[in-house]
Amino acid sequence: MTNGNAAGTEGHLFVILGATGDLVGRKLLPSLNELIARDALGPNSLILGVGVETEFNDESFRARCCKDLANAGVPQEQIAKTVSDKRIIYQTIAKGTPEDYKKLAARVEQVEKENGLPGNRVFYLALPPKVFPLAIAGLGNAGLNKSKGWTRLVIEKPFGRDLASAQALNQVAHEHFEEKQIYRIDHYLGKETVQNLLVFRFANSLFEPQWNRDRIESVEITVAECLGVEHRAAYYEGAGALRDMIQNHLTQLLTLTAMEVPSAFQAEPIRHEKVKVLHSVLPIKSENVVLGQYSTGKIDGQEVAAYRDEPGVAKDSQTETFVAMRLEIENWRWHGVPFFLRTGKRLEQRMSQIVVNFRRPPVWIFKPFDGKPIDANALVIAIQPDEGFDLYFEIKAPGQGVQIERSDLHFRYSEKFKPLPDAYETLLLDVIHGDPTLFVSDSWVEASWQLYTPVLENKPKVLPYAAGSWGPAAADALLSDLGRTWTKIL
Ligand code: BG6
């Protein structure tokens, strides 16, 4: 949420642990490169890649970064700038012993001295989650948790795999770092459309009086993907859609949609209101959860493999690639308003949206026509792609008699603005500027796991669905008492 210029960045060292991993090549480096290219990091910043590989030196690591950036589609002229400025260097952490972390600490100090850096440091854990605790302790024990400038620790999701492991991870993190130094990344919070949720709700007086159980019948939150598991089976088999998407991304959307107005647009008041929503969600009944796993089918006319035939997936895997669920938020604003969450891989269309279904008029004074059901007003917030929103309402179609038709008011970012920045660019810049508003707090993580851990412990049967469909039919039944199905793009 920073203003995107270089002011306030007095110079820093950006240390990436796990620098040769997939996420770094795909997301982190392109975003850092873009920020450097538009001078958003200030003239005095360096990237120190840290990896277990011992064969790299600064030069060969830079060559590797060039390759990663080219693979990520970064134009050659821009890569040259980052690399020829020698802003990227490398340090091995070998086996990750305390000795290795001491060597890292010595290198950090040496680099800072040589480059006149003020001791501002980011440590970004782009590591497999099981090594988070070791890395955090390694940094802390080597004295890398403090410096003469500021020190910030960035942790990628997943933060734990259930309540107990999330608490344990928070505990290790707090043994070595203060909560205010810790930036837990959920990249959905960096998306412009997600940031816009609070502006949409709280900068417009039009919507807020309607935003409650008197006016809203239900809310649907969908994050649908066409992609399958790709090359990530080693991680995904042990995670599944509930851990991978629901506990974090969709629940972030839920809390931003349902929260009360914060006392100020600042990290603490916003975080406080988000956590309050989670504390008000009723325990989730297993009959309100539908899990699915994709079988073969067609995506864009192309036959695709079943999840169980993807490389690295067990032939009898019970991992869910689809989740739909119904939640109830038991507070004054939302009592009796169901919230539906749905996510899946290999679905018909890539589409993430929040649909706010308003109540129908209490009395319908117009004659029923053609047996057509009465439409309710709806607000569809398109998170991605084709970012924007549509507000649907009824109009009289011109002509004799009263024929009622649906129409909409709409807004699209692409019609008004340049292409939206990548979420990682926003979030990385916020880390450097020290703005934690778009990051996940310890209490949010634990409250979210508290909600979903019982579901994970008592998982319903995983139902098959054809790739290219909208998931198991049972997902529709969750909405049936409302006489509606999931909203498609209208
Ligand atoms: C990641 C999940 O956090 O989010 C992936 O691990 C998922 O499984 C991805 O594909 C979706 O992100 P986006 O930004 O493409 O919607």
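Numbers at a glance
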{"read-out": "Sequence-distant residues sharing a close amide H with Ala378 (under 5 Å, placed H)", "value": "Phe358, Tyr392"}
{"read-out": "Options Thr20, Leu48, Trp150, ranked by Cα towards positive dipole end of segment 13-156, top entry (Cβ charges)", "value": "Trp150"}
{"read-out": "Whole-Hz couplings from phi, Karplus 6.51/-1.76/1.60, listed for segment 350-361; x for Gly and Pro", "value": "7, 6, 10, 8, 10, 10, 9, 8, 7, 6, 6, x"}
{"read-out": "Span from the segment 203-280 Cα centroid across to the segment 41-84 one, whole angstrom", "value": "35 Å"}
{"read-out": "Accessible surface, 1.4 Å probe, highest first, among residues Arg271, Arg38", "value": "Arg38, Arg271"}
{"read-out": "Under 5 Å, built H, 5+ apart or other chain: amide partners of Val154", "value": "Phe123, Tyr124, Leu125, Tyr183"}
{"read-out": "All lysines inside 20 Å of Lys488 as judged from Cα atoms, apart from same-chain residues fewer than 8 positions distant", "value": "Lys298, Lys345, Lys372"}
{"read-out": "Two-site FRET efficiency, Glu260 against Asp300, from Cβ-Cβ distance with R₀ of 45 Å, rounded to 0.05", "value": "0.60"}
{"read-out": "Segment 399-490: C-alpha gyration tensor shape, a/c 1.5 cut-off, then a/b vs b/c", "value": "oblate"}
{"read-out": "Around Leu456: net Lys/Arg minus Asp/Glu count, Cβ-Cβ under 9 Å", "value": "+1"}
{"read-out": "Accessible area expressed per residue, segment 13-156, with surrounding protein chains retained (probe 1.4 Å, Å²)", "value": "43 Å²"}
{"read-out": "Kirkwood Rh in Å, taken over segment 293-401 so that all alpha-carbon pairs contribute", "value": "18.3 Å"}
{"read-out": "Solvent exposure ordering (accessible area, 1.4 Å, most first) of His174, His272, His249, His433", "value": "His272, His174, His433, His249"}
{"read-out": "Dimensionless Rg ratio for segment 13-156, taking C-alpha atoms and the 2.2 N^0.38 Å reference", "value": "0.98"}
{"read-out": "Net charge contributed by nearby residues that have their C-beta within less than 14 Å of His410 (K/R +1, D/E -1)", "value": "-2"}
{"read-out": "Glu53 paired with Trp364, simple spin-label distance in nm, labels 7 Å along Cα-to-beta-carbon", "value": "6.4 nm"}
{"read-out": "Lys/Arg +1, Asp/Glu -1 at C-beta; the chain dipole; positive extreme among Ala137, Val289, Ile354", "value": "Val289"}
{"read-out": "Extension gain from Asn71 to Glu330, taking 0.36 nm per residue of separation minus the Cα-Cα distance", "value": "88.5 nm"}
{"read-out": "Dipole moment magnitude, nearest 20 debye, segment 13-156 about Cα centre, only Lys, Arg, Asp, Glu C-beta charged", "value": "320 debye"}
{"read-out": "Counting all C-alpha pairs of the chain, share separated by more than 44 Å (%)", "value": "18 percent"}
{"read-out": "Eligible lysines near Lys113 by straight Cα distance, threshold 21 Å, same-chain separation 8 or greater", "value": "Lys86, Lys102, Lys103, Lys146, Lys148"}
{"read-out": "Amide H contacts of Leu463 (H built 1.01 Å from N, under 5 Å, at least 5 apart or other chain)", "value": "Leu291, Gly292, Gln293"}
{"read-out": "The chain, dipole about Cα centre (Lys/Arg Cβ +1, Asp/Glu Cβ -1), debye to the nearest 20", "value": "200 debye"}
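The values are calculated or read from the model by the stated rules, or taken from the named source; none is laboratory data. Small disclaimer: the values here were computed from a predicted structure and weren't measured. Here the Cβ is made from the backbone with ideal geometry for all residues, glycine too, and neighbour counts use every protein chain on show. Remember, those area values only see protein heavy atoms, side chains included, never the ligands or the DNA or RNA. Shrake-Rupley method; radii C 1.70, N 1.55, O 1.52, S 1.80 Å.
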